[in-house]
Protein chains: 2
Amino acid sequence: MKYGMIATWRMAYEGIIDTIPKLKDGLSCGEALVESIKKTEDYPFFKSVGFGGLPNEEGIVELDAAFMNGDNFDIGAIAGSRNVKNPIEVAENLSHERFNIFLVGEGITKYATKNNFEIKNMLSDRAKRMWEIRLEDIKNKGLTPYDGHDTIGMVVLDTKGSMAVGTSSSGLFMKKEGRIGDSPLSGSGFYCDSEIGGAAATGLGEDLMKGCLSYEIVRLMKEGLHPQEAANKALYDFDEKLKKLRGKSGAMSLVCMNNQGEWGIATNVEFSFVVGTDTEEVEIYVANPGPNKTTLVEVASQEWLDAYEKRIKKPLD
Amino acid sequence: MKYGMIATWRMAYEGIIDTIPKLKDGLSCGEALVESIKKTEDYPFFKSVGFGGLPNEEGIVELDAAFMNGDNFDIGAIAGSRNVKNPIEVAENLSHERFNIFLVGEGITKYATKNNFEIKNMLSDRAKRMWEIRLEDIKNKGLTPYDGHDTIGMVVLDTKGSMAVGTSSSGLFMKKEGRIGDSPLSGSGFYCDSEIGGAAATGLGEDLMKGCLSYEIVRLMKEGLHPQEAANKALYDFDEKLKKLRGKSGAMSLVCMNNQGEWGIATNVEFSFVVGTDTEEVEIYVANPGPNKTTLVEVASQEWLDAYEKRIKKPLD
């Protein structure tokens, strides 16, 4: 029985390693995805997803998330969510509605409150301190305020052959109030069709939404391309097009999996990801763009993992 | 010199008829689009766009809009906008930013206020009365609250060969607070590439965002399909897929134009649209789905136009 999970960034590891045995035992892709992403949302040292996510320029955390069921194309999404403890749960819940499946701002709080979801101030002490330090740095050193936009995007295939995809993100650090990225946008941040496969993105949402790369990768897999070929073709062709039209392109990375548990990734920056299937142990990988529109992938070294751990827990001034 | 404008629904007519002579005289596609959509936003008897648009279930008008420059893929979008007089202008302005190009909720008001855009209560007396009547009807007759989701979506080709696309909508009548549709979502509500063409959608946003049809139509035109063939293939294949997966599909209509001024449309409901080019007088058409994934198009009759005028100005109780 085939099954598998693939997700963007090192931060997906704990959720996947805990959930994949249950996926093997028959847990549905949707449940596995929500359970797994919730772990990432709840861990305070991941500074771009859920509690501990970095705030907007006013110091308020605003979160985006989405869920898509590949069996029936149910979609749920929220953007600019200020106080829902687990955005992925609310997005999944919205996906069962026929109308009003994508909510923004205060409407999210109303929906989540009426539906008994946990409400919480999502600003951690550490994130608040990082925001204060960044404000000082911008004032003193003239730094560009924007960086950090590491969305968790995940694709899951379950033993019944069903697939789901989900995203969760605090978006751009120091973003303007109300700014949303690609994570909640179907086709750009995510796309899934159980008859083919799924894909999810992370990176600069402003550029990702110009390309509809998640949709394009699923479409290329439908044409018969292996997920790795589909990811390479969609991402590197689009990166080239952006550079031609705009002189530059922002960071963009995508993961994908087809309904046979085969997977692919592509990226124009150094990018870590996590994957496990019925034939492959769960592993953390580091990827880089390679020559001629290819992607170089290697298992993350202990040195890389140690440096990561040290970085996310670095004492702040 | 080729040029052209195509847009969804009868309500696009006044804007197009006034603007197309300027387009002929060299006005840029972006300026023509904003000028033209503003006319539709400002006319109080169009109940699904701008001032006069129907409110959410709380009686508050919340508007979505987007703009895309096909030359460089600049995108600007707003969703859940409560008090900007001309959403399309704000979306166009955001498209010049590199970061923070898609704003929701209160962040839109801040941005629009700081950038000297006109702020206005967008609820007209007529829209308020329609909302009150609908509330009564729901209470007394058990009507489904949702209908009415006529977005203006427009594609413009200018004499320099540049293209732009834009959308503006009040979304679903009686929607939940904060609900947004496909209109501000790249790939779903709109897409444009001046090297190929552009497309825009109207209909049930919840279903349109499952298909990324605007992106798909532009992609099919890139493969060499005539805009009409591209529209037919994208829309009717997806309509069929939704019915297979979900047992039904909501109203969906798309317009498109390539960079030669050739155009196409497809729809699964009766749908009016407006088009004018360097070789075709501006005309209002009525379209219906035809046999074998084709679209039937005829010029709107005087009878149809009179009935439309009567309907939008019908005295309310």
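Residue-level check: of (1) in contact with a helix residue (DSSP H, G or I) (Cβ under 6 Å, 6 or more places away or on another chain); (2) farther than 30 Å from residue A:95 by Cα; (3) buried (at least 20 other Cβ atoms within 10 Å of the Cβ), residue B:254 misses just (2). If you go through the stretch B:291-317 and pick out every residue that is closer than 19 Å to residue B:268 by Cα and of a type in the set (Ser, Thr, Tyr), you end up with 2.
What residue, of A:269, A:286, A:297, is surrounded by fewer than 20 Cβ atoms within 10 Å (Cβ to Cβ), of a type outside the set (Gly, Ala, Ser) and touching a Ser or Thr at 6+ places or on another chain (Cβ under 6 Å)?
On the way: A:269 fails: touching a Ser or Thr at 6+ places or on another chain (Cβ under 6 Å); A:297 fails: touching a Ser or Thr at 6+ places or on another chain (Cβ under 6 Å).
So the residue among A:269, A:286, A:297 that is surrounded by fewer than 20 Cβ atoms within 10 Å (Cβ to Cβ), of a type outside the set (Gly, Ala, Ser) and touching a Ser or Thr at 6+ places or on another chain (Cβ under 6 Å) is A:286.
Among the residues of the stretch A:219-230, write down those that are out of contact with any strand residue (DSSP E or B) (no Cβ under 8 Å at 6 or more places or on another chain) and in a helix (DSSP H, G or I). Once the filter is applied, which keeps residues that are out of contact with any strand residue (DSSP E or B) (no Cβ under 8 Å at 6 or more places or on another chain) and in a helix (DSSP H, G or I), the stretch A:219-230 yields A:219, A:220.
In the set (1) farther than 18 Å from residue A:90 by Cα; (2) out of contact with any Leu (no Cβ under 6 Å at 6 or more places or on another chain), the condition left unmet by residue A:30 is number (1). Might you check whether a residue that is of a type outside the set (Gly, Ala, Ser), touching a helix residue (DSSP H, G or I) at 6+ places or on another chain (Cβ under 8 Å) and within 14 Å of another protein chain (Cβ to nearest Cβ) occurs anywhere in the stretch B:12-23? No.
Take residue A:224 and decide whether it is under 20 Å from residue A:8 (Cβ atoms) and surrounded by fewer than 23 Cβ atoms within 10 Å (Cβ to Cβ).
no
With respect to residue A:282, determine if the residue is farther than 14 Å from residue A:8 by Cβ, in contact with a Phe, Trp or Tyr (Cβ under 9 Å, 6 or more places away or on another chain) and modelled with pLDDT of 95 or more. So residue A:282 passes the test. Scanning the stretch B:231-265 for residues that are away from chain A (no Cβ under 14 Å) and part of a helix (DSSP H, G or I) turns up B:231, B:232, B:235, B:236. Considering the stretch B:120-153, and only residues there that are within 14 Å of chain A (Cβ to nearest Cβ) and in contact with a Leu (Cβ under 7 Å, 6 or more places away or on another chain), the residue that is farthest from residue B:317 (Cα to Cα) turns out to be B:149. Quick check on my filter: what residues within the stretch B:1-42 are part of a helix (DSSP H, G or I) and touching a Lys or Arg at 6+ places or on another chain (Cβ under 7 Å)? Within the stretch B:1-42, B:14, B:15, B:18, B:32 qualify.
For residue B:62, the conditions (1) surrounded by fewer than 24 Cβ atoms within 10 Å (Cβ to Cβ); (2) among the acidic types (Asp, Glu); (3) touching a Lys or Arg at 6+ places or on another chain (Cβ under 7 Å) are fulfilled apart from (1). Beta carbons closer than 6 Å, at least 6 apart along the sequence or on distinct chains, pair a first residue in the stretch B:161-179 that is within 11 Å of chain A (Cβ to nearest Cβ) with a second that is surrounded by fewer than 24 Cβ atoms within 10 Å (Cβ to Cβ) and among the acidic types (Asp, Glu) for B:174/B:57; B:177/B:58.
Tell me yes or no: at least one residue of the stretch A:248-261 is touching a strand residue (DSSP E or B) at 6+ places or on another chain (Cβ under 9 Å), β-branched (Val, Ile, Thr) and under 27 Å from residue B:72 (Cβ atoms).
Narrowing the stretch A:248-261 to residues touching a strand residue (DSSP E or B) at 6+ places or on another chain (Cβ under 9 Å): A:250-261.
Add one more test, that the residue is β-branched (Val, Ile, Thr), and what stays is A:255.
Applying the additional criterion that residues be under 27 Å from residue B:72 (Cβ atoms) yields none.
Checking the stretch A:248-261: not a single residue is touching a strand residue (DSSP E or B) at 6+ places or on another chain (Cβ under 9 Å), β-branched (Val, Ile, Thr) and under 27 Å from residue B:72 (Cβ atoms).
Just name the residue that is surrounded by the most Cβ atoms within 10 Å (Cβ to Cβ) out of those in the stretch A:192-208 that are hydrophobic (A, V, I, L, M, F, W, C) and farther than 22 Å from residue A:72 by Cα. Across the stretch A:192-208, the extreme among qualifying residues is A:208. One residue stands out in the stretch B:180-194 among those that are in contact (Cβ under 8 Å) with a residue 60 or more places away in the chain and more than 8 Å from chain A (Cβ to nearest Cβ): the one that is nearest to residue A:205 (Cα to Cα), namely B:184. Tell me, which residue of the stretch A:195-213 that is facing chain B (nearest Cβ under 9 Å) and among the small types (Gly, Ala, Ser) is farthest from residue A:9 (Cα to Cα)? Looking at the filtered set, the residue picked out is A:211. Only one of the numbered conditions (1) among the aromatic types (Phe, Trp, Tyr); (2) within 22 Å of residue A:105 (Cα to Cα); (3) within 13 Å of chain A (Cβ to nearest Cβ) is violated by residue B:117, and that is (3).
The values are calculated or read from the model by the stated rules, or taken from the named source; none is laboratory data. Keep in mind the model is a prediction, meaning the values are calculated, not measured. Every residue, glycine as well, gets a Cβ built from its backbone with ideal geometry; the counts of neighbours run over all protein chains shown.
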